[in-house]
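Student: Just passing along the structure, written as structure tokens.
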Amino acid sequence: MFELFEHEADIGIRGFGRSMEEAFRNAAKAMFSVMVDLEDVQTVEQRTIKVSAADAEALLVEFLNSLLSIASMENMLFSEFKVKIEKNSEYVLECVAKGEKINLKRHRPKIEVKAATYSQLAVSKRNNRWVAQCIVDV
């Protein structure tokens, strides 16, 4: 489950989950839902990313910006995400993102997301549910 929330000039995204991994996965879905209807994105190709950061909040920004970078460089959209997070001396995230190349006949682009930001950034557990949120620059 995910939701978007109001922000003055940009858009807030918020992913929820029973685990941090599920919250990150849903935050990624929220971000791509800003750009396109997710049900229109077929999962015919996959890309693997690995990012690390000192804390969970920075990890979320690194993760989302890595997805945006791949999407931009390869002209792709993603709609499914398998996320694994480990914590040792730092947080390490591995993700398999599934999607496809942009097809303007089938995909109806909405708003371009330029970057995930540190604004209103939070990763926390509230009432037995993880929340991962930030503002995305559009």
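Student: For every helix of n ≥ 4 consecutive DSSP H residues, a contribution of -39,500 (n - 2.57) applies; sum these over the chain, divide by its total residues, and give [θ] at 222 nm rounded to the nearest 500 deg cm²/dmol.
Tutor: Value at 222 nm, helices only, nearest 500: -8500 deg cm²/dmol.
Student: Next question. As an exercise, identify the chymotrypsin sites (Phe, Trp or Tyr not before Pro) in the stretch 48-138 lying in DSSP coil whose Cβ has no more than 16 other Cβ atoms within 10 Å.
Tutor: Those satisfying the criteria are Tyr118.
Student: Name the long-range amide H neighbours of Ile102: under 5 Å, sequence gap of 5 or more, or other chain; modelled H, no Pro or chain starts.
Tutor: Excluding prolines and chain starts, which carry no amide H, the hits are Met76, Leu77.
Student: Now for a separate question. Would you order Cys95, Cys134 from fewest to most other beta-carbon atoms within 10 Å of each residue's own beta-carbon?
Tutor: Ascending number of Cβ neighbours within 10 Å: Cys95, Cys134.
Student: Another question, then. In percent, how large is the relative contact order of the chain, given Cα pairs closer than 8 Å and 6 or more residues apart?
Tutor: Contact order relative to length: 32 percent.
Student: Looking at this model, which pairs from Lys84/Lys110; Lys101/Lys125; Lys29/Lys50; Lys84/Lys105; Lys82/Lys114 are more than 27 angstrom apart at the alpha-carbon?
Tutor: Details: Lys84/Lys110 29 Å; Lys101/Lys125 35 Å; Lys29/Lys50 18 Å; Lys84/Lys105 34 Å; Lys82/Lys114 23 Å.
Beyond 27 Å between Cα atoms: Lys84/Lys110; Lys101/Lys125; Lys84/Lys105.
Student: Would you indicate which of [x] 14.7; [y] 15.5; [z] 17.4 is the value of Kirkwood radius over Cα pairs in Å derived from the coordinates of this structure?
Tutor: [x]
Student: If the elastic network links every pair of Cα atoms under 10 Å, which of Lys87, Lys98, Lys29 fluctuates the most in the Gaussian network model of the chain?
Tutor: Comparing Lys87, Lys98, Lys29 in a Gaussian network model of the chain, the most mobile one is Lys87.
Student: Let me ask something else. Run the quick spin-label model on Lys110 and Ser52: label points 7 Å from Cα toward the beta carbon, then report their separation in nm to one decimal.
Tutor: 3.5
Student: Ignoring the sites themselves, what is the longest stretch of the chain with no GluC sites (Glu not before Pro) in a DSSP loop and at most 12 other beta-carbon atoms within 10 Å? Write out the running numbers ahead of the final one.
Tutor: Working: sites that count: Glu8, Glu90, Glu112.
My reading of the result: 9-89 is the longest stretch.
A short reminder: the numbers here are calculations on the coordinates, not readings from a lab. Because the structure is a prediction, the values reported are computed rather than measured. Counting neighbours? That spans all protein chains shown, and the Cβs are built from the backbone with ideal geometry, glycine included.
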